[in-house]
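Have a look at the structure below, then the notes.
Throughout, read-outs are computed from the coordinates displayed, never taken from laboratory work. Because the structure is predicted, anything quoted here is derived from the model rather than measured. Reconstructed Cβ throughout: ideal geometry from the backbone, glycine too, with neighbour counts over all protein chains shown.
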Amino acid sequence: MAIVVFIINYRATGETTGAFTAAAKQGVYTFFFGGLIMKICELLATGINYKYLAFFLASLIPSIIAIALTFGVHSLRGTPRPVESTIPTVLFVFPSTAIWGILKRKMYMKNNSGPPK
């Protein structure tokens, strides 16, 4: 993601300093918060009794959090194009959380032989 953010900002401005700052922010953010976002997804996918509601919320809620945090990080000083820097997250987070939620729900059901309590 950091490389994509660097390319977006460099192409838009032709400036390496701002593009590197944006990429560094994205890399640090992804390193520290990526696991948290996916853990929220997992908890929702396995903690809700109704399968389709669990899939929906496990995709939607972490995606909204990730998009808001990403935009917030890039809105801080130093990122030349904060909206454009958020676009990769917008494109990839929903499918990623959907797949992760489905996988975790299936693993939970297999290991606990029944719906979550």
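For the range 19-87, just say rounded, prolate or oblate: build the C-alpha gyration tensor, square-root its eigenvalues into a ≥ b ≥ c, call rounded for a/c under 1.5, and beyond that prolate if a/b exceeds b/c, oblate if not. Because a/c hits 1.5 or more and a/b exceeds b/c, the range 19-87 counts as prolate.
Taking the square roots of 5 times each eigenvalue of the Cα gyration tensor of the chain, largest first, gives ellipsoid semi-axes of 34, 11, 10 Å. Within a straight-line Cα-Cα reach of under 20 Å, LYS51 can be paired with the following lysines, leaving aside sequence neighbours fewer than 8 residues apart in one chain: LYS39, LYS104, LYS106, LYS110, LYS117. With R₀ fixed at 30 Å, the C-beta to C-beta distance from ASN111 to ILE67 puts the FRET efficiency at about 0.45. Modelled spin labels at THR16 and ILE102, positioned 7 Å past Cα toward Cβ, are 4.3 nm from each other. For the chain, hydrophobic long helices are taken as DSSP H runs at least 24 Å long by C-alpha position along their axis with mean Kyte-Doolittle hydropathy of 0.5 or more; these are 16-47, 51-75. Which net charge results for the neighbourhood of LYS39, defined as the other residues with beta-carbon distances under 15 angstrom from its beta-carbon, given Lys and Arg at +1 and Asp and Glu at -1? Around LYS39, the surrounding residues sum to +1. Summing Lys and Arg as +1 and Asp and Glu as -1 over all other residues whose Cβ lies under 12 Å from the Cβ of TRP100 gives a net charge of +3.
Each of TYR50, MET38, ILE87 was scored by the projection of its Cα onto the charge dipole of the chain, and the greatest displacement toward the positive side belongs to TYR50; charges sit on the C-beta of Lys, Arg, Asp and Glu.
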